[in-house]
Amino acid sequence: MIESKQVKYELVITADSVISTDDRFSIDNLGLGDSYKPLDAYYKNTNGEIVRRKYNKGERRNSNQTLPRLACQVFEKSLVALSVDEKESFPVCQYTPRTEIVCGIFPSVDAFKKQRNTIEYCIYSYDVVRQFVIYCWNIFSTIIFVQECLRRFGRKGDEFILTYREKDKREAVQPENEENIIEEQVMELSGYTNPYSSNLLESKNIIFRGAPGTGKTYLAKEIATDIVSNGYYSDYTLLSDEQKKQIEFVQFHPSYDYTDFVEGLRPKFNEDDSIGFKLENGIFKRFVEMAKENYLISQKTIESLSYQQWVEQRFDEFIISLQDKLDSDEEIPLQNTKQKIFELNDNHLRYTQSEEFVPRGRIFYYKDIKQAYMDNCIEPIQIADNNNLPPRFRIKSLSGYASKVVKMFSAFAGKYNEAINIEHVKLLPFVFIIDEINRGEISKIFGELFFSIDPGYRGQAGEVSTQYSNLHERPDEKFYIPENIYIIGTMNDIDRSVDSFDFAMRRRFRFIEVKADDRLEMLDSLGDDKEEAIRRMAALNNEISKVEELNENYHVGASYFLKLRVLSFEQLWTDYLFPLLQDYVRGMYDEEGIMKNFAKAYGYIESQTGDGDDGSQS
């Protein structure tokens, strides 16, 4: 459930005013921006047309720098036309009325640092090699710059809109420079921060495919977090414990099977210490049941839900009263009969089915008692309206002694007439992530669920009997996947198990390719090494593409280069990239020559060693 504190604020900047839906905002204290994170930024002109930032490859989505970059994008020609003096005197920021006005649009980082030696700057690139560099720190620090652009170059009615939220306390301690900002982009119409979130919501099932190391698994977790938090977070660790229950993660492998995923028999110790077996749900079925419960409850009216909660509460009290009688050795006869209840368990009770005591007795499940009661009672809408009239039991076709148990509960429940006030339960999304989905034997793992996971057969339209349905409490009960389940899979295109991926499963998923250079923003944490890492990665991948037997599916992804946080470029090559590439080319003609070309493209120079007599030998 989305917590109430997760509020999104909207700030509107015009040439004449700056107004926020957050009462704490003040244009006279832009330092407040340190406490907030951006979610969206766009420009709307006087005709109502909306312009969003055109992101460059590897640029962070909606960082603290998105708003000023967007202003530069919208008014690029006007800014370029300014003279050097006009650019250097262009107002950018004034934190309070008592502090100096920070001015200046500079052509390079070096020119900026001559005026202000700090890493707190924003770069906007244009015309391939040209730049605007201005001061930028928190999300409010460039409001004055944006407003000045509107005053000089905009038309009446033009405005910039910034959507933002309060930082989580864990985010508040993170550095605010560009290298550490979490990717957050609220997509138009969808309201989510990740550009792939809408793909998952539209298709229900997606698989991210591509070269190894492209960040597919990390991307899957970002999307799940984004959807579960309703566009509020992209970092899984910031979710509440309840929100984390809406995401499940599993990794397939060759020995993974149906019993792990759906359901199967598991060993257990009996009371006499012998070993038996019991049926247990697998990880996917447990997750589906949790989502299904939310889905069914969310479809109920407040009145119906209030009634159900009233029945649940009364039934718990009913079972406690019966247990007290059994504990005191008091007999519990069924109404006007010699039959009696003699055992209470976690989910069922037992009663004798004849006048003679039968050790096993007859089972009646609690959920059946409650359902029969609700089916045979006039629903007490008046309870939700605080009208003190208990439900009236009406005789319907309920056969045998089971009806007597229900009537016992009805007599007990009828003594209570207090209301239960309850709020409507919101329909929540549940995201199941399958990492390395192609490494498992798909047909063995999913079994009959091939049909149920099809986006066109969600809900009861896709219900099936599972392989162990004859062992269920209710053998005739069907299994289905509700509408609020979303599945993300990841797979490497070059993995040898790709060829065995079931075609029946392929058509039930939307495949999205993640290329090696699609997630370059992951490298922001490398700081000054980022540009060098991107250069080497691009050169190496270009060389890989030149090999006839290889293609872009064999490219090296950005996640490999994250190891540069603890390794040197040379160590990354010798310990990770060289073994990987050598496996790619093993058995090819001129294997050694190909590897030398890879090393040269990457920029690795093998150290030359020899004995002291080399120079004197011919």
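Bear in mind that the values in this text are calculations on the coordinates, not laboratory data. What you see is a predicted model; the values in this text were computed from it and never measured. FYI the Cβ positions are ideal-geometry reconstructions off the backbone, even for glycines, and counts take in every protein chain you see.
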Fill in the blank from the handout: Computed ³J(HN,Hα) along region 523-529: with the Karplus parameters 6.51/-1.76/1.60, θ = phi - 60°, integer Hz and x for glycine or proline, the list is 7, 4, 5, 7, x, 5, 7
Problem - Magnitude of the charge dipole, the chain, Cβ model with Lys/Arg +1 and Asp/Glu -1, debye to 20 - result: 1920 debye
Problem - Percentage relative contact order, the chain, counting C-alpha pairs under 8 Å, at least six apart - result: 15 percent
Handout entry: Charge context of Pro455, other residues only, Cβ under 13 angstrom, K/R +1, D/E -1
Key = +2
Problem - Rounded, prolate or oblate (a/c below 1.5 giving rounded, otherwise prolate when a/b exceeds b/c) for region 7-73 by Cα gyration tensor - result: oblate
Problem - Distance between modelled label sites at Ile119 and Lys340, nm, 7 Å Cα→Cβ extension - result: 7.9 nm
Exercise for the section: Quote the Stokes-Einstein diffusion coefficient, in whole µm² s⁻¹, for region 523-602, based on the Kirkwood radius over alpha carbon pairs, a temperature of 20 °C and a viscosity of 1.002 mPa s. Expected result: 166 µm²/s
Exercise for the section: Would you mind ranking His348, His555 so that the residue whose beta carbon has the fewest other beta carbons within 10 Å leads the list? Expected result: His348, His555
Handout entry: Distant-in-sequence amide H partners of Asp158 (H built 1.01 Å from N, under 5 Å)
Key = Thr46
Problem - Farthest positive-ward along the chain dipole, Cα basis, beta-carbon charges - from Ile275, Gly527, Thr99 - result: Thr99
Handout entry: Sequence-distant residues sharing a close amide H with Gly489 (under 5 Å, placed H)
Key = Ile206, Ile207, Phe208, Ile434
Exercise for the section: Between the alpha-carbon centers of region 99-161 and region 424-455, tell me the distance in whole angstrom. Expected result: 47 Å
Handout entry: Helix 400-413 vs. the chain, principal-axis angle (Cα, 0 to 90°, nearest 10)
Key = 70 degrees
Practice task
Report ³J(HN,Hα) in whole Hz for each residue of region 580-593, in order, from the Karplus equation J = 6.51 cos²θ - 1.76 cosθ + 1.60 where θ = phi - 60°; Gly and Pro get x.
Solution key: 5, 5, 5, 5, 4, 9, 4, x, 7, 5, 6, 4, 5, x
Completion exercise
Given a Förster distance of 41 Å, the FRET efficiency implied by the Cβ-Cβ spacing of Gln323 and Asp257, rounded to the nearest 0.05, works out to 0.55
Completion exercise
For region 97-107, Karplus-derived ³J(HN,Hα) couplings (6.51, -1.76, 1.60; θ = phi - 60°; whole Hz; x for glycine and proline) come out as x, 8, 9, 5, 7, 7, 10, x, 10, 10, x
Fill in the blank from the handout: If Lys77, Lys37, Lys245 are placed from fewest to most neighbouring beta carbons inside 10 Å, the sequence is Lys77, Lys245, Lys37
Practice task
Kindly express, to the nearest 10 degrees and within the range 0 to 90, the angle between helix 530-546's C-alpha long axis and the longest C-alpha principal axis of the chain.
Solution key: 80 degrees
Exercise for the section: Tell me what the chain gives for mean residue ellipticity at 222 nm when only DSSP H runs of n ≥ 4 count, each as -39,500 (n - 2.57), the sum divided by the residue total, rounded to 500 deg cm²/dmol. Expected result: -9000 deg cm²/dmol
Exercise for the section: Just subtract the alpha-carbon distance of Glu331 and Lys278 from 0.36 nm times their residue separation and send over the number in nm, one decimal. Expected result: 15.9 nm
Exercise for the section: Assuming a ≥ b ≥ c are the square roots of the Cα gyration tensor eigenvalues, decide whether region 237-287 counts as rounded (a/c under 1.5), prolate (otherwise, with a/b larger than b/c) or oblate. Expected result: oblate
Practice task
Mind sorting Ser229, Ser240, Ser403 by how few other Cβ atoms lie within 10 Å of their own Cβ, fewest first?
Solution key: Ser240, Ser403, Ser229
Fill in the blank from the handout: What the 10 Å binned alpha carbon P(r) of the chain shows, as percent of pairs per bin from 0, is 3, 12, 17, 19, 17, 13, 9, 6, 3, 1, 0, 0
Exercise for the section: Would you be so kind as to identify which of Tyr576, Ala599, Gln147 lies farthest towards the positive end of the dipole of the chain, taking Lys and Arg as +1 and Asp and Glu as -1 on Cβ and the Cα centre as origin? Expected result: Gln147
Problem - Nearest-ten-degree value, helix 216-228 long axis tilted from longest Cα axis of the chain - result: 60 degrees
